[in-house]
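What follows is calculated from the coordinates using simple rules that are stated; it is not laboratory data. Values in this document were obtained by computation on a predicted structure and should not be read as measured data. All Cβ positions, glycine included, derive from the backbone under ideal geometry; neighbour counts span all protein chains shown.
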Amino acid sequence: MSSQSITVDLGERSYPILVGKKLIKDLGRQVAHLYLGDKVATLAVAIVDDLYGRAVRESLAGSGIPSETILVPDREGAKTIRTYQHVMEQLLRMKVGRGTIVIALGGGCVGDLAGFVAATYMRGVRLVQIPTTLLAQVDSSIGGKAALNLPEAKNIVGAFHQPSLVLSDVSLLKTLPTREVRCGVAELIKYAAIMDLRLLEFLEKERVSILGLEEGAMVRAVSWATELKSGIVARDERDQSGLRALLNFGHTFGHAVEAAMKYHGLSHGEAIAVGMAGEIRLAEALGMVSKKDVERLEALIVSYGLPIRLKGVNHRDLIRFMGHDKKAEAGRLRFALPNGLGNGTIVSDPPKKTATDAMRGCL
Ligand SMILES: NC(=O)c1ccc[n+]([C@@H]2O[C@H](COP(=O)([O-])OP(=O)(O)OC[C@H]3O[C@@H](n4cnc5c(N)ncnc54)[C@H](O)[C@@H]3O)[C@@H](O)[C@H]2O)c1
Ligand SMILES: [Zn+2]
């Protein structure tokens, strides 16, 4: 499959997401449409800059666009107030104005930082996302949510700031560690379970090509997820109508799992894999899916090397943290659950014992 262009339809703020192979070499030409004369600032982590920074700079330079790279700490270290301040100071030192473009070259952490920088530098400049992890390509680069963490709470400082362009180049995934690939797959399974049974069948069938990062399969998977998520974002950009909340399948339990483990030992994808296994059991207890559906989803999760059970966590801790989730609106527990595989619905405040029992089932 060759490259695809998917539009996130937001009226005047609509933007394209290009999904394909070897797209970086075309970056300069794409950015030239947005360029207003100020130097472009690319944010990246050192390891990703070593791999792809040069190609980005060369492509921009080839279209006559000057750029400078600002290196930032890896993983959640990118999403601190301190890193944010450092980047803002670098932009000032570069003497760039409102015409600058911030490029995020990296995973979801760099993307979230760059989004917040672009939302706030001089009250807002343009943003281009070049997601380099599968999770960032199928999830975090789409939809304009940007966030930083405080030591006390993840993603608590944030903004909505839509990019002007997203370039999802699946060729960049070939250097990604397998564990990171699985994290992205967990989000793909999430979309499939609540939105699209055909995607579920695709993931079942194409496991070897997906884990092997075969480019044709990756273009298909990334563009599929992009279409599903951008359709939701277009209808509920600011997470207000409940539609965007559907994307939280596996995340109510999953976030509690991450918090109970103090964000160590388990990646986000692994936590939501366990979360999906727990939440589909809740859906089963509520009569929304069959035992067969539960077994099918669990088999899919396990086939990608993701966990469905968790050891060493106390269920009381999990329950305590579930109440703290920022998505638990004013103490109410909300779940996005499959109502039949491939179809999702929001369930507010299911009977506490039913939810607790389902959660205990994953321990
Ligand atoms: N804004 C949103 O809508 C949204 C949605 C989901 C998740 N998120 C956020 O995304 C973050 C997680 O993103 P992530 O999973 O991409 O993690 P990440 O950004 O930390 O990247 C994971 C690791 O992979 C490395 N890496 C990135 N690309 C690589 C490549 N091509 N080759 C080799 N190594 C590479 C990174 O340096 C890092 O060490 C979390 O902070 C989460 O809150 C945001
Ligand atoms: Zn997630």
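Computed from backbone phi with θ = phi - 60° and the Karplus coefficients 6.51, -1.76 and 1.60, the 3J(HN,Hα) list for the stretch 9-25 is 8, 10, x, 5, 9, 4, 8, x, 10, 9, 10, x, 9, 6, 7, 4, 5 Hz; x is used for glycine and proline. Between the amide H of residue 8 and those of 15, 17, distances stay under 5 Å, these residues lying 5 or more places away or on another chain, with hydrogens modeled in the peptide plane.
Mind checking Rg over Rh on the chain, alpha carbons, Kirkwood formula for Rh? Result: Rg/Rh = 0.97.
How long is the gain from residue 157 to residue 205 if the chain were fully straight, where each residue apart is worth 0.36 nm and the alpha carbon distance is subtracted?
13.3 nm
For the chain, the mean residue ellipticity at 222 nm estimated from helices alone is -13000 deg cm²/dmol, where every DSSP H run of n ≥ 4 contributes -39500 (n - 2.57) and the total is divided by all residues, rounded to the nearest 500.
Greater than 31 Å separation of Cα atoms is the criterion. Which listed pairs, 79/352; 229/292; 22/205; 95/190; 154/229; 39/79, meet it?
Values: 79/352 34 Å; 229/292 27 Å; 22/205 25 Å; 95/190 43 Å; 154/229 22 Å; 39/79 23 Å.
Distance filter (> 31 Å) returns 79/352; 95/190.
What the phi angles of the stretch 257-272 give under the Karplus curve with 6.51, -1.76 and 1.60, with θ = phi - 60°, is a coupling list of 4, 4, 5, 5, 8, 6, 6, 10, x, 10, 7, 4, x, 5, 5, 7 Hz, glycine and proline written as x.
If you stretched the chain out fully between residue 343 and residue 92, how much longer would it get, using 0.36 nm times the residue separation minus the C-alpha to C-alpha distance?
Working: separation 251, 0.36 × 251 = 90.36 nm, distance 4.77 nm.
Here the answer is 85.6 nm.
Residues whose amide H comes within less than 5 Å of that of residue 342, counting only those at least five positions distant or on another chain, are 194, 195, 196 (H built at 1.01 Å from N in the peptide plane).
Using a Förster distance of 22 angstrom, determine the FRET efficiency expected from the C-beta separation of residue 82 and residue 122, and round it to 0.05. Plugging the Cβ-Cβ distance into 1/(1 + (r/R0)^6) gives 0.60. Normalising by residue count, the stretch 4-174 has a Cα convex hull of 101 Å³ per residue.
Between residue 51 and residue 314, the contour length at 0.36 nm per residue exceeds the Cα-Cα span by 90.6 nm.
Starting from the stretch 222-294, pick out the trypsin sites (Lys or Arg not before Pro) whose DSSP state is loop and whose Cβ has at most 13 other Cβ atoms within 10 Å.
On the way: sites: 229, 235, 238, 244, 262, 281, 291, 292; in loops: 238, 262.
Answer in residue order: 238, 262.
Is the shape of the stretch 21-106 rounded, prolate or oblate, going by the alpha carbon gyration tensor and its root eigenvalues a ≥ b ≥ c, with a/c under 1.5 for rounded and a/b larger than b/c for prolate? It is oblate, given that a/c is not under 1.5 and a/b is not larger than b/c. In plain terms, the bigger the Kirkwood radius, the slower the diffusion; for the stretch 255-363, with that radius from Cα pairs, at 20 °C and 1.002 mPa s, Stokes-Einstein puts D at 153 µm²/s.
May I ask you to list the residues of the stretch 83-127 whose amide nitrogen lies under 11 Å from a point 7 Å from Cα along the Cα→beta-carbon direction of residue 74? Within reach of a label on residue 74, which here means backbone N under 11 Å from a point 7 Å along Cα→Cβ, the stretch 83-127 contributes nothing.
Counting every C-alpha pair in the stretch 180-304, the share spaced more than 21 angstrom apart comes to 41%.
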